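Remarks on the structure that follows.
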Amino acid sequence: MIETAQELLNYVGGKWQPSRSGTHQDVRNPATAATIARVPLSAKAEVDEAVRAGVAGFRQWRETPVIDRIKPLFKLRDLLIANLDEFGRTITNEAGKTYGESVAEMQRGVENVEVACGAPYMMQGSNNEDIAHGIDEHMIRQPLGVVAAITPFNFPGMIPLWFLPYAVATGNSFLLKPSEKVPMTTQLLFRLLEEAGFPAGVVGLVNGGKETVDAILDHPDVKAVSFVGSTSVAKYIYARATQNGKRAQCQGGAKNPAVIMPDADMEMSTRIMADSAFGCAGQRCLATSVAITVGDARQEFTDRMVAAAESRTVGYGLDKSTQMGPVISAESKSRIAGLIEKGVNQGARVLTGGADVDVDGFADGYFVHATLLDDVTPGSDIAKTEVFGPVLSMMHATSLDEAIQMVNDRAYGNQASIFTTSGSAARQFRHQAVAGNIGINLGVAAPMAFFPFSGWSESFFGDLHAQGAHGIEFFTQTKVVVERWPEHWSRTF
Ligand code: NAD
């Protein structure tokens, strides 16, 4: 774990180097507000240097057989697992989540490395013999060149691994611009990538902010951009990258609803819902943020959720008793407090929680209580805005049809869940809910690495999603070969 406020480095052409930009930002531990590192905001010229190193690396890498390209990935997998504890501590110290949540996100990242090791099979093409007499047609997949990913603060270990393993396994060079709020996890990841033995230029790291991102979006040798973050930035990146002729897959924000039917198993449903709404302090793009109870579900669900929220221990993520860490920054905490206040001004009631939290020994931390708001009206700001904090808004419906209407009456489409013991209700919900990831008795319907992470609507801009077969397709272009050879042999024998 990096303990002092050291200056973080870029990794370019197989070498660690300081940025020459002269501009830096402090990285703070959200539990203490202490500065734990300084991240450089790299300039356009440094992006150019990293992309040129990527182009040089690509020339050899694309000529490397796929079976050899996955060998460093096998090694990376083992190194990631051997270093899970250090990842856990680093993520907790810079992102605030609990140690258990930090280790769990790395495990999801490792699974993407494991799936990408199937590239020799997954990137196979297809063919037909005799599409016309004596003519054969083949479709093969080839890499794009240098591809880049721009990632958010909330999963500093996992989200880069939604892209990197697939990109390099298919023969591309990969450049990462991590969130400037949580750049330390990436330093550790790249030390392991170096140890895993990727040739110079095949993987690169450029720290920075908007100027760095814009240099990536405008660079003619960056062929594809993967983005995960807020919707406004996702839209901006999608527009600028595609205008510059690049492929783009941009995952945005969310406002995930869950419907609780009267026949739901209430003990199980509230346990799962509390984890969904308050796990990672609500800073998951699959966090449930609106609960819609149907009919008689209201009273028991509300009572149980109040108890679950009030029993949640808030604190420093490395303390074993902590169940919920801080939110990422002072700005985030005051934005969340403002949204709660606005909700109350628009008619909601705070059943429990709020942003006034005293954690012993952590007076400066950015803590927010697990918060429940009742009587939230569908048109209010708190009902529509992504909170990205441990706040669950409650609304009530008289029927499943009405609840589904409320689910679909929103801009985002990342996830929607239903809690029920009725197969019929579950099936109707699965069919009608407008969201790309559906949870049935699940509060965080996170697709495994071998399924696409399928956000819809304002939660995704693009076509092919992250992970699995979509990753292989996104990072390759198809080439069709139609061929004929003179036939000096008899077709009848
Ligand atoms: P963010 O949009 O502020 O930042 C994401 C990345 O974009 C960072 O690397 C940042 O440096 C860069 N960036 C920020 N502003 C920019 C600008 N104006 N121009 C160019 N680049 C810019 O997001 P965040 O706060 O780090 O992450 C939280 C958001 O990410 C939430 O909205 C959450 O829902 C979303 N998220 C979505 C998914 C998903 O799969 N859909 C997954 C995780 C997080």
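Could you pull out the residue among Gly413, Gly462, Gly436, Gly443 that is open to solvent by less than 50 Å² (accessible area, probe 1.4 Å), touching a strand residue (DSSP E or B) at 6+ places or on another chain (Cβ under 6 Å) and without any contact (Cβ under 8 Å) to a residue 40 or more places away in the chain? Spell out the reasoning first.
Details: Gly413 fails: without any contact (Cβ under 8 Å) to a residue 40 or more places away in the chain; Gly462 fails: without any contact (Cβ under 8 Å) to a residue 40 or more places away in the chain; Gly443 fails: without any contact (Cβ under 8 Å) to a residue 40 or more places away in the chain.
Sole residue among the options that is open to solvent by less than 50 Å² (accessible area, probe 1.4 Å), touching a strand residue (DSSP E or B) at 6+ places or on another chain (Cβ under 6 Å) and without any contact (Cβ under 8 Å) to a residue 40 or more places away in the chain: Gly436.
May I ask you to verify whether His138 is more than 30 Å from Ala446 (Cβ to Cβ) and without any contact (Cβ under 8 Å) to a residue 12 or more places away in the chain?
Values: more than 30 Å from Ala446 (Cβ to Cβ): yes; without any contact (Cβ under 8 Å) to a residue 12 or more places away in the chain: no.
When the stated conditions are applied, His138 does not pass them.
Consider Val480 carefully, then state whether it is exposed (fewer than 15 other Cβ atoms within 10 Å of the Cβ) and in contact (Cβ under 8 Å) with a residue 40 or more places away in the chain. Break it down into steps so the answer makes sense when it comes.
Numbers: exposed (fewer than 15 other Cβ atoms within 10 Å of the Cβ): yes; in contact (Cβ under 8 Å) with a residue 40 or more places away in the chain: yes.
So Val480 fits the description; yes.
Among the listed residues Asn93, Asn112, Asn83, which satisfies the condition of being at negative phi, of a type in the set (S, T, N, Q) and surrounded by fewer than 24 Cβ atoms within 10 Å (Cβ to Cβ)? Working first, answer last.
On the way: Asn93 fails: surrounded by fewer than 24 Cβ atoms within 10 Å (Cβ to Cβ); Asn112 fails: surrounded by fewer than 24 Cβ atoms within 10 Å (Cβ to Cβ).
Within the list Asn93, Asn112, Asn83, the selection yields Asn83.
Yes or no: segment 399-407 includes at least one residue that is within 16 Å of the ligand (Cβ to nearest atom) and either outside any strand (DSSP E or B) or of a type in the set (Ser, Thr, Tyr) (or both). Steps first, answer last, please.
If we filter segment 399-407 for residues that are within 16 Å of the ligand (Cβ to nearest atom), which is where we start, we get none.
Within segment 399-407 (the criterion being within 16 Å of the ligand (Cβ to nearest atom) and either outside any strand (DSSP E or B) or of a type in the set (Ser, Thr, Tyr) (or both)), the answer is no, since none of the residues qualifies.
What is the one condition in (1) surrounded by fewer than 20 Cβ atoms within 10 Å (Cβ to Cβ); (2) more than 14 Å from the ligand (Cβ to nearest atom) that Asp214 does not satisfy?
Unmet for Asp214, out of (1) surrounded by fewer than 20 Cβ atoms within 10 Å (Cβ to Cβ); (2) more than 14 Å from the ligand (Cβ to nearest atom): (2).
Name the single residue that is farthest from Asp214 (Cα to Cα) among those in segment 230-286 being open to solvent by 20 Å² or more (accessible area, probe 1.4 Å) and near the ligand (Cβ under 8 Å from one of its atoms).
Here is the first cut: in segment 230-286, the residues open to solvent by 20 Å² or more (accessible area, probe 1.4 Å) are 230, 232-233, 235-236, 238-240, 242-245, 247, 261-263, 265, 267-268, 271-272, 275, 284-285.
Going one step further and asking which of them are near the ligand (Cβ under 8 Å from one of its atoms), we end up with 230, 232-233, 236, 284-285.
Values: Ser230: 16, Ser232: 15, Val233: 11, Tyr236: 10, Arg284: 26, Cys285: 24 Å.
Here the residue is Arg284.
State which residue pairs qualify: first residue without any contact (Cβ under 8 Å) to a residue 24 or more places away in the chain and at negative phi and inside segment 18-30, second residue open to solvent by 40 Å² or more (accessible area, probe 1.4 Å) and not in a strand (DSSP E or B) in any location, beta carbons under 9 Å apart, and separation of 6 or more residues or different chains.
Listed by first residue and then by second, the contacts come to Pro18/Leu9; Thr23/Leu41; Thr23/Glu211; His24/Leu41; Asp26/Ala5.
For segment 151-270, which helices (runs of 4 or more DSSP H) that fit wholly inside it have 2 or more residues that are farther than 20 Å from Arg38 by Cα and without any contact (Cβ under 8 Å) to a residue 40 or more places away in the chain?
By residue number, 210-218, 231-243.
Within segment 276-335, track down each residue that is part of a helix (DSSP H, G or I) and among the charged types (D, E, K, R). Show your work before the answer.
To start, the set of residues in segment 276-335 that are part of a helix (DSSP H, G or I) comprises 276-282, 297-310, 330-335.
Of everything in segment 276-335, those that are part of a helix (DSSP H, G or I) and among the charged types (D, E, K, R) turn out to be Arg298, Glu300, Asp303, Arg304, Glu310, Glu331, Lys333, Arg335.
For every residue, the table says whether it meets (1) among the hydrophobic types (A, V, I, L, M, F, W, C); (2) open to solvent by less than 10 Å² (accessible area, probe 1.4 Å); (3) more than 16 Å from the ligand (Cβ to nearest atom); (4) not assigned by TED's automatic domain parsing to the domain that holds Ile216.
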| position | (1), (2), (3), (4) |
| --- | --- |
| Ile131 | yes, no, yes, no |
| Met139 | yes, no, yes, no |
| Gly145 | no, yes, yes, no |
| Ala148 | yes, yes, no, no |
| Ser173 | no, yes, yes, no |
| Leu188 | yes, no, yes, no |
| Arg191 | no, no, yes, no |
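The values are calculated or read from the model by the stated rules, or taken from the named source; none is laboratory data. Values in this document were obtained by computation on a predicted structure and should not be read as measured data. Note: ideal-geometry Cβ built from the backbone for every residue, glycine included; neighbour counts use all protein chains shown. SASA here: full protein model, heavy atoms, side chains in, ligands and nucleic acids out. Shrake-Rupley method; radii C 1.70, N 1.55, O 1.52, S 1.80 Å.
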